[in-house]
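Written below as structure tokens is the structure these notes are about.
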Amino acid sequence: MNSYVALFRGINVGGNGTLPMKELAALLDELGCSDVRTYIQSGNAIFRHRAGAPGLTKKIRAAVKAARGFEPAVLLLDHDRIARAAASNPFPEGEEEPSTLHLSFLAAVPVAPDLEALEELRAGQER
């Protein structure tokens with residue numbers, strides 16, 4: 001069995017894309033996921049499953065669409081991907097104050113990132 005973290009985009013934000021976590025856990029269970037746990041109302045979950053991420057991602061999106069009428073973006077991360085990201089932390093000093101250290105994942109590599117616009121969004125002590 002593979003362990004996964006599922007990151008859902010746009011779930012339970014501003015009254016849009018409403019999906020109670022109990023319902024999400026039940027949907028994942030129906031898809032053959034085991035040891036399902038959800039995190040607050042974030043739309044994030046951890047679980048185990050036999051299938052590989054690409055096929056499972058499509059099944060999760062389709063199940064939510066069938067149950068709730070919208071198809072969320074879902075990013076499935078396995079243990080190795082998360083461990084590699086944590087080991088590649090360019091800000092190890094942030095580990096002393098973990099509430100200030102954030103890790104984000106993209107579904108794909110940006111084709112033409114606008115780094116100047118991104119830099120303009122940076123606030124205060126952000127790096």
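GLN125 fulfils the conditions (1) at pLDDT below 90; (2) within 25 Å of SER3 (Cβ to Cβ); (3) not hydrophobic (A, V, I, L, M, F, W, C) except for a single criterion, (2).
Scan TYR39, TYR4 and give me the residue that is in contact with an Asp or Glu (Cβ under 8 Å, 6 or more places away or on another chain) and of a type in the set (Phe, Trp, Tyr).
Details: TYR39 fails: in contact with an Asp or Glu (Cβ under 8 Å, 6 or more places away or on another chain).
None of the others qualify; the one that does is TYR4.
If the condition is being farther than 15 Å from VAL5 by Cβ, among the charged types (D, E, K, R) and touching a residue at least 24 places away in the same chain (Cβ under 8 Å), then the range 48-76 contributes ARG50, LYS59, ARG68. Scanning the range 1-11 for residues that are surrounded by fewer than 13 Cβ atoms within 10 Å (Cβ to Cβ) and part of a strand (DSSP E or B) yields a single hit, ARG9.
In the set (1) over 24 Å from LEU19 (Cα atoms); (2) at pLDDT below 90, ALA51 fails one condition alone, (1). Six or more apart or on different chains, Cβ atoms under 7 Å: show the pairs whose first residue is in the range 34-47 and polar (S, T, N, Q) and whose second is part of a loop (DSSP other than H, G, I, E, B) and surrounded by 11 or more Cβ atoms within 10 Å (Cβ to Cβ). Matching pairs, first to second residue: GLN41/ASN12. Scan the range 99-114 residue by residue and report those that are open to solvent by 80 Å² or more (accessible area, probe 1.4 Å) and either in contact with a strand residue (DSSP E or B) (Cβ under 7 Å, 6 or more places away or on another chain) or under 25 Å from ASN12 (Cα atoms) (or both). Across the range 99-114, the qualifying residues are SER99, THR100, HIS102, LEU103, SER104, LEU106, ALA107.
Taking the criterion of being modelled with pLDDT of 95 or more and among the charged types (D, E, K, R), the only residue of the range 19-29 that qualifies is ASP29.
Given the criteria open to solvent by less than 50 Å² (accessible area, probe 1.4 Å), among the aliphatic types (A, V, I, L, M) and more than 23 Å from SER3 (Cβ to Cβ), does ALA117 qualify? Don't jump to the end; show me each part of the working.
Working: open to solvent by less than 50 Å² (accessible area, probe 1.4 Å): yes; among the aliphatic types (A, V, I, L, M): yes; more than 23 Å from SER3 (Cβ to Cβ): yes.
Taking the combined requirement at face value, the residue satisfies it.
Filtering the range 96-118 down to residues that are in a helix (DSSP H, G or I) and of a type in the set (S, T, N, Q), which residue is nearest to LYS22 (Cα to Cα)?
Taking the range 96-118 and keeping what is in a helix (DSSP H, G or I), we get 96, 98-100, 115-118.
Applying the additional criterion that residues be of a type in the set (S, T, N, Q) yields 99-100.
Details: SER99: 27, THR100: 29 Å.
Checked the range 96-118; the qualifying residue nearest to LYS22 (Cα to Cα) is SER99.
The values are calculated or read from the model by the stated rules, or taken from the named source; none is laboratory data. Everything numeric in this text was worked out from a predicted model, so none of it was measured. For neighbour counting, all protein chains shown are included, and Cβ atoms are generated from backbone atoms with ideal geometry for every residue, glycine included. Ligands, DNA and RNA are stripped out before the accessible areas are found, and what is left, the full protein with its side chains, is counted by its heavy atoms. Shrake-Rupley method; radii C 1.70, N 1.55, O 1.52, S 1.80 Å.
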